[in-house]
Amino acid sequence: FQSNWLQLQVFDSKMASTSTTTTVVVIGLLAASVSAHMSLILPPSRNAVDKTLPNWSNGKFYPYEPNCSNPSANKPGEPGWNPQIPSGCVPPGTDGWGCNCYNGTNECNVAQSCLWFSNGCSIGCKTCDGQGANPNTRDRCNSGMNATNNLPEHRTFNRDAPALSKDDYYRFNPWRAPGNAPVMDSCGVAGGGATNVGGQSYYTTTKNAKQGDFGSKVLPFMDTGIIWKIGGTVRAKWSIRANHGGGYQYRLCPLGQELNEECFQKIPLPFASNKQTLEMADGTSLVINGTYVSEGTTPAGSAWAMNPLPYSNAESAPQFAPPCNETVDRKQYDTGRCSGRDPYNTLISDDLIVPSNLKPGRYVLGFRWDCEKSAQIWSACADITLA
């Protein structure tokens, strides 16, 4: 982040209406053995705890490297070119896959924050199993729970299948009952569980965290300097490294309380409007109509936003109409301007309402992304002050 993200920031409704801040929505999904990934950009999250270490400082995305002396393939169409590692650089002992993102034209200091999630989480279950879960087409605990989010326009995959039919393959996954599926930890788990189970979920051990660590236990308080006005309208934004559809919610928990679902579910933050902003890496932005779900959600009646960027890859067209005009040669690229498997060149920005009945003080903002293609939930936590 540039230094302005570290300065004191106060937002209220009037300021939000005149703010020049723009945001982009990026959403993309990965192939069968790959995990989704996301990073909370604003407010800066605790999950970016490694951002000052040499491998990740100044916006680097280790183990992804933009340049190297012997790239395997670094141009579309070359044999072996991997659009997920466009530079073709794979450091020895790694998969070359990092938490790439762009904060408009600014640096995106997210370190390994896209690797904090819960693996193997189905609706109706009491716990996640921590096993490989992308894609997921089964009830992982045999709970028998039926999906509650069933309207085609609220689904991000396989919309033509009749809801709850055998062809509705992804009906057991978190987005099909937003907020219902369990998590291992409300601030995420490094690498998604105690052991790596494949896909891009290799958490690099540092002095701060290792594979299997719970975010609420090991990630320290991080003073972002951000103050939100009680009763005001505020802005948050996030980036998707790898797309699994689904949708998301922002929540608050008072600092000092246990950071778990029980606490976060007490203060879900309402969205201020039906608009989202997509902020592209080239500095342009686009305001779009968002899609929101408030029936069949947890907490009951709380609003969740649908991921606005449809998944696509070289073999499949976008799962629903992209929210912008784009031209993509999908034989060479997985991702367009506002659709695709790896839409990390775009951010998603949301305006939120801070409830007027909250007390001033320090809070933790919780972000939860419930996936639809996979039985996975991404989580992030950030420190803010309410005044």
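As a summary of the residue check, Ile85 satisfies the conditions (1) touching a Pro at 6+ places or on another chain (Cβ under 8 Å); (2) open to solvent by 10 Å² or more (accessible area, probe 1.4 Å); (3) within 28 Å of Ala375 (Cα to Cα) except for the one numbered (1).
For (1) over 19 Å from the mean Cα position of the chain (by Cα); (2) of a type in the set (S, T, N, Q); (3) closer than 17 Å to Gly247 by Cα, each residue gets a yes or a no:
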position	(1), (2), (3)
Pro323	no, no, yes
Ser339	no, yes, yes
Ser356	yes, yes, no
Tyr363	yes, no, no
Ser374	no, yes, yes
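For the range 35-59, the set of residues classified as at pLDDT below 95 and either assigned to a loop (DSSP other than H, G, I, E, B) or farther than 28 Å from Gly246 by Cα (or both) consists of Ser35, Ala36, Asn58, listed by residue number. Applying the condition of being in contact with a helix residue (DSSP H, G or I) (Cβ under 8 Å, 6 or more places away or on another chain) and charged (D, E, K, R) to the range 196-250 and asking which residue is most open to solvent (accessible area, probe 1.4 Å) yields Arg235. Taking the criterion of being farther than 18 Å from His154 by Cβ and open to solvent by less than 40 Å² (accessible area, probe 1.4 Å), the residues of the range 273-291 that qualify are Thr277, Leu278, Glu279, Met280, Ala281.
Remark: pairs (first residue in the range 161-188, touching a residue at least 12 places away in the same chain (Cβ under 8 Å) and closer than 22 Å to Cys253 by Cα; second residue aromatic (Phe, Trp, Tyr) and open to solvent by 40 Å² or more (accessible area, probe 1.4 Å); Cβ separation under 6 Å; 6+ apart in sequence or on different chains) = Asp185/Phe214. Filter the range 62-74 down to the residues that are in contact (Cβ under 8 Å) with a residue 12 or more places away in the chain and either in contact with a Phe, Trp or Tyr (Cβ under 9 Å, 6 or more places away or on another chain) or small (Gly, Ala, Ser) (or both), then identify the one that is most open to solvent (accessible area, probe 1.4 Å). The selected residue is Ser72.
Of everything in the range 50-61 that is in contact with an Asp or Glu (Cβ under 8 Å, 6 or more places away or on another chain) and either farther than 18 Å from Gln211 by Cα or of a type in the set (Lys, Arg) (or both), the residue that is least open to solvent (accessible area, probe 1.4 Å) is Gly59.
Each row is one residue, and each column tells you yes or no for (1) among the charged types (D, E, K, R); (2) surrounded by fewer than 24 Cβ atoms within 10 Å (Cβ to Cβ); (3) out of contact with any His (no Cβ under 6 Å at 6 or more places or on another chain).
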residue	(1), (2), (3)
Pro299	no, yes, yes
Asn307	no, no, yes
Asn313	no, yes, yes
Pro322	no, yes, yes
Glu326	yes, yes, yes
Tyr333	no, yes, yes
Cys338	no, no, yes
Asp342	yes, no, yes
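Checking each residue in the range 247-288 for being among the aliphatic types (A, V, I, L, M) and under 17 Å from Ile384 (Cα atoms) picks out Leu252, Leu255, Leu259, Ile267, Leu269.
The values are calculated or read from the model by the stated rules, or taken from the named source; none is laboratory data. These figures come from a predicted structure and were not determined experimentally. Don't worry about glycine lacking a Cβ; one is built from the backbone with ideal geometry, like all the others, and counts go over all protein chains shown. Quick note on the areas: whole protein, heavy atoms, side chains included, nothing else; ligands and nucleic acids left out. Shrake-Rupley method; radii C 1.70, N 1.55, O 1.52, S 1.80 Å.
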